[in-house]
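Everything below concerns the one structure shown next.
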Ligand code: NI
């Protein structure tokens, strides 16, 4: 397994629509495992392939809390086939928007159909945190970030802050160039 680099916003690669996976083969299964390892290391509860620069419809999630048994889910081509009318407000964060947390409203329960790591079609009923995480990760496949659910004012504030941090990091990287090879 390998750790992957997580893309931080703002970045045009996070705004693109991901392409469907034709078949979950060995390479896709390996990518899923690498994504899961990257997510645990971050640490986070979900990760979508576009966040590691792969424009494919793949997400991994694990809603288990720190002391619980891991419950990893690896999904290709996830599709919401049913969503409850009842909605829920939940504070969300994102590995591509470090240190930013905001409340987002989404359907409270969903039924999702996907292809698992064995290339089998499965359906899953999810509510609570799992439903939130799956919907958040599926948004990434459409080039949508959780801040896109907020008011323009809030969104712009967050993006401005992240842009500043990025500029600062680029400047200090220039001042202290990393020796390569
Ligand atoms: Ni995210």
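All of the numbers you see were taken from the coordinates with simple rules; none came from a lab. What you see is a predicted model, and the numbers here were worked out from it, not measured in a lab. Glycine also receives a Cβ, built like all others from the backbone with ideal geometry; neighbour counts cover every protein chain displayed.
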Check off (1) within 16 Å of the ligand (Cβ to nearest atom); (2) not in a strand (DSSP E or B) for residue 117 and give me the number that stays unchecked.
(1)
For residue 6, the lone unmet condition from (1) part of a loop (DSSP other than H, G, I, E, B); (2) more than 24 Å from residue 158 (Cα to Cα) is (2)
Residue list for region 96-114, restricted to those being crowded, with 19+ Cβ neighbours inside 10 Å and away from the ligand (no atom under 14 Å from the Cβ)
110, 112, 114
Read through the list (1) part of a helix (DSSP H, G or I); (2) within 16 Å of the ligand (Cβ to nearest atom), then give the number of the only condition that residue 153 fails.
(2)
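What about residue 158, is it within 16 Å of the ligand (Cβ to nearest atom), buried (at least 22 other Cβ atoms within 10 Å of the Cβ) and part of a helix (DSSP H, G or I)? Walk me through how you get there before you give the answer.
Values: within 16 Å of the ligand (Cβ to nearest atom): yes; buried (at least 22 other Cβ atoms within 10 Å of the Cβ): no; part of a helix (DSSP H, G or I): yes.
It is false that residue 158 is within 16 Å of the ligand (Cβ to nearest atom), buried (at least 22 other Cβ atoms within 10 Å of the Cβ) and part of a helix (DSSP H, G or I).
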Would you check if there is a residue in region 12-20 being in a helix (DSSP H, G or I), in contact with a helix residue (DSSP H, G or I) (Cβ under 9 Å, 6 or more places away or on another chain), crowded, with 19+ Cβ neighbours inside 10 Å and touching a residue at least 24 places away in the same chain (Cβ under 8 Å)?
yes
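Which residue is surrounded by the most Cβ atoms within 10 Å (Cβ to Cβ), if the candidates are limited to region 63-91 and must be under 17 Å from residue 40 (Cα atoms) and within 16 Å of the ligand (Cβ to nearest atom)? Reasoning before the result, please.
Taking region 63-91 first, the residues under 17 Å from residue 40 (Cα atoms) are 63-75.
From what's left, within 16 Å of the ligand (Cβ to nearest atom): 63, 73, 75.
On the way: 63: 19, 73: 24, 75: 26.
Among those that are under 17 Å from residue 40 (Cα atoms) and within 16 Å of the ligand (Cβ to nearest atom), it is 75.
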Restricting attention to region 128-148, does a residue exist that is surrounded by 18 or more Cβ atoms within 10 Å (Cβ to Cβ) and either assigned to a strand (DSSP E or B) or over 17 Å from the mean Cα position of the chain (by Cα) (or both)?
no
Quick test of your reading of the structure: residue 41 fulfils all but one of (1) within 12 Å of the ligand (Cβ to nearest atom); (2) surrounded by fewer than 22 Cβ atoms within 10 Å (Cβ to Cβ); (3) closer than 16 Å to residue 6 by Cβ. Name the failing condition by number.
(1)
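Pick from region 21-38 the residues that are touching a strand residue (DSSP E or B) at 6+ places or on another chain (Cβ under 7 Å) and either under 20 Å from residue 133 (Cβ atoms) or outside any helix (DSSP H, G or I) (or both): which of them is farthest from the ligand (Cβ to nearest atom)?
Narrowing region 21-38 to residues touching a strand residue (DSSP E or B) at 6+ places or on another chain (Cβ under 7 Å): 21, 24, 28, 31-32, 35-36, 38.
Next, from what is left, pick out any that are either under 20 Å from residue 133 (Cβ atoms) or outside any helix (DSSP H, G or I) (or both): 21, 24, 31-32, 35-36, 38.
Working: 21: 19, 24: 22, 31: 17, 32: 17, 35: 12, 36: 15, 38: 13 Å.
Result: 24.
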